[in-house]
Each structure stands twice: as structure tokens, then as C-alpha cells.
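**Student:** Following this message is one structure expressed as C-alpha cells.
The values are calculated or read from the model by the stated rules, or taken from the named source; none is laboratory data. These figures come from a predicted structure and were not determined experimentally. Please note: Cβ atoms are built from the backbone with ideal geometry, for glycine as well, and neighbour counts cover all protein chains shown.
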Amino acid sequence: MSHPNFAGNIIVNLANLPDFLRKPILRKRMDEFFTLSDLDRLEVINNALEAGPTIPFPNFAKLFATWLEILATMPEEKRIGLASAYVFEVLRNPQKLILFNLDGILEVFLNIDKQYQEAIAKSLGNIISGLTEQQKRQLFLIIPQNAKIRLGL
């Protein structure tokens with residue numbers, strides 16, 4: 001990209017905010033995602049995937065937990081829309097996950113409210129069931145085995 005990573009900068013700044021500020025700002029940004037063009041949505045996702053590994057993991061973990069909680073409370077249609085956008089970008093560019101602490105990300109997921117875990121796992125299951133067999137194989141190669149077990153995949 002030839003222009004600054006504004007979304008990435010926002011993500012880094014959000015990770016450093018206290019919970020009471022981070023949650024409403026992130027909720028607003030996540031709701032705004034659905035008003036963006038497809039090209040802008042893709043840019044936001046790519047910027048997030050680039051910025052994530054640059055954030056110290058304790059800060060990233062807080063940000064990711066907040067993101068998961070907001071995601072879980074969204075209507076199913078929006079939850080699937082947002083999560084599938086990330087799934088499809090990872091399928092197009094699986095190397096983007098290499099720098100992430102996937103075990104740590106799974107641990108964050110396992111520490112959120114059980115109802116949130118179930119809502120997200122259900123949505124991921126619906127997304128995966130709509131993939132082609134080749135896409136499923138590719139995704140299952142990327143997802144660590146312990147994550148597949150915990151998500152019921």
C-alpha cells in the first residue's frame with residue numbers, strides 16, 4: 001500500500017486504551033465496517049492483520065478480547081459478515097497469520113464468557129460449512145489442532 005495505515009494506527013492506539021474507552025470506540029468502528037465499500041472493508045481487514053502482530057501481546061490480548069465480546073453480541077448476520085471477511089482474507093493470504101501468537105489468541109478466546117464463545121463458534125461453523133472442500137482443507141491446515149478441537153471444528 002502506498003498510503004499510511006490509518007486503520008492499523010487506530011488499532012494500535014485502541015490496544016493502549018483503558019477498557020472503558022476501548023470498548024465503545026471499537027464497537028463504533030465495528031459497526032462502521034458494514035457501511036464501507038468492499039474495497040475499504042478489505043483494506044481495514046488487511047490493516048488489522050498487519051497491525052495485530054506489531055502490538056505487544058498483553059495489549060493485543062485485551063484488544064482482541066474486547067473485539068470478540070463485541071463480535072459475539074452483534075446480530076448473527078453481522079457476526080458472520082465480519083468474521084467471514086477475515087476468514088476469506090486469511091484464505092487468500094495465509095502467511096498473514098504466521099506472525100500472530102495463535103496459541104495466545106486461542107487462550108484469549110477461551111477466557112471470554114462461555115455464551116460469547118458459543119455464539120462465535122456457531123458463526124465460524126456456519127462460515128466453514130459454506131466453504132468449498134478445498135477452502136476447508138486450506139483453512140484446517142492453518143488452524144492449530146487445539147483450536148479446531150476447542151471450536152468444535
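**Student:** From Gln115, Gln95, which residue is out of contact with any strand residue (DSSP E or B) (no Cβ under 6 Å at 6 or more places or on another chain), without any contact (Cβ under 8 Å) to a residue 12 or more places away in the chain and among the polar types (S, T, N, Q)? Break it down stepwise before answering.
**Tutor:** Values: Gln115 fails: without any contact (Cβ under 8 Å) to a residue 12 or more places away in the chain.
Answer to the selection: Gln95.
**Student:** Select from the stretch 95-109 the residues that are in a loop (DSSP other than H, G, I, E, B) and closer than 15 Å to Ala61 by Cα and write down the one among them that is nearest to the chain's Cα centre (by Cα).
**Tutor:** At the first step, the residues of the stretch 95-109 found to be in a loop (DSSP other than H, G, I, E, B) are 98-101.
With the extra rule that they be closer than 15 Å to Ala61 by Cα, the set shrinks to 99-101.
Working: Leu99: 14, Phe100: 12, Asn101: 13 Å.
For the stretch 95-109, the residue satisfying everything is Phe100.
**Student:** What residue, of Leu63, Leu39, Leu71, Leu49, is in contact with an Asp or Glu (Cβ under 9 Å, 6 or more places away or on another chain), farther than 20 Å from Gln145 by Cα and either of a type outside the set (S, T, N, Q) or in a loop (DSSP other than H, G, I, E, B) (or both)? Step through it out loud before you land on a result.
**Tutor:** Numbers: Leu63 fails: in contact with an Asp or Glu (Cβ under 9 Å, 6 or more places away or on another chain); Leu39 fails: in contact with an Asp or Glu (Cβ under 9 Å, 6 or more places away or on another chain); Leu71 fails: in contact with an Asp or Glu (Cβ under 9 Å, 6 or more places away or on another chain).
When all the criteria are applied, what remains is Leu49.
**Student:** Quickly run through the stretch 34-60 and pick out the residues that are surrounded by 12 or more Cβ atoms within 10 Å (Cβ to Cβ) and free of Cβ contacts under 8 Å to residues at least 12 places away in the same chain. Reasoning before the result, please.
**Tutor:** At the first step, the residues of the stretch 34-60 found to be surrounded by 12 or more Cβ atoms within 10 Å (Cβ to Cβ) are 34, 36, 40-55, 57, 59-60.
Answer for the stretch 34-60, where residues must be surrounded by 12 or more Cβ atoms within 10 Å (Cβ to Cβ) and free of Cβ contacts under 8 Å to residues at least 12 places away in the same chain: Leu36, Asp40.
**Student:** Please state which one of Ile10, Ile25 is among the β-branched types (Val, Ile, Thr), surrounded by fewer than 19 Cβ atoms within 10 Å (Cβ to Cβ), assigned to a helix (DSSP H, G or I) and at pLDDT below 90. Break it down stepwise before answering.
**Tutor:** Working: Ile25 fails: at pLDDT below 90.
Result: Ile10 is the single residue among Ile10, Ile25 that is among the β-branched types (Val, Ile, Thr), surrounded by fewer than 19 Cβ atoms within 10 Å (Cβ to Cβ), assigned to a helix (DSSP H, G or I) and at pLDDT below 90.
**Student:** A follow-up question, please. When you scan the stretch 110-153 for helices (runs of 4 or more DSSP H) that lie fully inside it, which ones turn up with 3 or more residues that are within 17 Å of Glu76 (Cβ to Cβ)?
**Tutor:** Values: elements: 114-129, 133-142, 145-151.
Correct list: 114-129.
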